[in-house]
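The values are calculated or read from the model by the stated rules, or taken from the named source; none is laboratory data. On a predicted model such as this, the values are computed, not experimentally measured, just so you know. Virtual Cβ from ideal backbone geometry, glycine too; neighbours counted across all protein chains shown. Keep in mind that these areas ignore ligands, DNA and RNA; they rest on the heavy atoms of the full protein, side chains included. Shrake-Rupley method; radii C 1.70, N 1.55, O 1.52, S 1.80 Å.
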Amino acid sequence: MKPMGVLRRIDELGRIVIPKGIRSRLKINEGDRVELILENDTELLLRKYSPMHEIKDNVKNMLIALEKELNIPVLLCNNEIFLASSSLKYEYYIEKPISSKLLSLLNERKNVGLVNHNLSNINEPLNCMIYPLAKNSELIGGLIMIGINNVDDLQNRIMLLFRNILLSNM
């Protein structure tokens, strides 16, 4: 992505106007929340707010544990990009945009299996199972389990995993 920069003045209330071109690239619309992050005490980073950014660092270990238990690599995405991978093999997906078809499927809020689907602009068709994630009825992203050949077998393994988790907590 080509760097973009502009010079802006701060008004008396501390506000700045984010140019339309930058808002478009970041997919920021009127009413959207944004995060301002101070880096190195000298730089201010602005990004569109996603609840998934808050958990992405903590979720890596959970994804690794899930892969270990199910023997299936797992990716985590928000509504725009991939945030984390359980496997080094798929780390190159991180920060890549999700495909429009994947976003459309996530918006349907149904678990769905795909055969030979490109999840991003990476030309790598994969078999996968998609699990949308929502918070307060708002879509926040999805879990993508890669290399699925038998959806019923995966569903059974997931049910067994949750059963074991429940039984171990009783």
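Screening segment 79-91 for residues that are polar (S, T, N, Q) and open to solvent by less than 50 Å² (accessible area, probe 1.4 Å) and picking the one that is farthest from Gly141 (Cα to Cα) gives Ser87.
Does Leu76 fit the bill of being open to solvent by less than 50 Å² (accessible area, probe 1.4 Å) and under 22 Å from Leu143 (Cα atoms)? Criteria met by Leu76. Whether a residue is in contact with a helix residue (DSSP H, G or I) (Cβ under 8 Å, 6 or more places away or on another chain) and open to solvent by 20 Å² or more (accessible area, probe 1.4 Å) was assessed, and Ile140 passes this test. When only residues in segment 32-64 that are closer than 15 Å to Met145 by Cβ and modelled with pLDDT under 85 count, which is least open to solvent (accessible area, probe 1.4 Å)? The extreme case among them is Val59. Being assigned to a strand (DSSP E or B), within 20 Å of Ser24 (Cα to Cα) and free of Cβ contacts under 8 Å to residues at least 40 places away in the same chain holds for only one residue in Leu38, Leu44, and it is Leu44. In the set (1) modelled with pLDDT of 80 or more; (2) loosely packed, with under 10 Cβ neighbours inside 10 Å, the condition left unmet by Lys68 is number (2). Only one entry of Lys89, Lys110 meets the criterion of being under 21 Å from Leu161 (Cβ atoms), modelled with pLDDT under 90 and over 16 Å from the mean Cα position of the chain (by Cα), and that entry is Lys110.
Of the residues making up segment 92-126, those that are among the hydrophobic types (A, V, I, L, M, F, W, C), in contact with a strand residue (DSSP E or B) (Cβ under 7 Å, 6 or more places away or on another chain) and either open to solvent by 50 Å² or more (accessible area, probe 1.4 Å) or outside any helix (DSSP H, G or I) (or both) number 7.
Can you pull out every residue in segment 56-85 that is among the charged types (D, E, K, R) and not in a helix (DSSP H, G or I)?
Narrowing segment 56-85 to residues among the charged types (D, E, K, R): 56-57, 60, 67-69, 80.
Correct list: Glu80 only.
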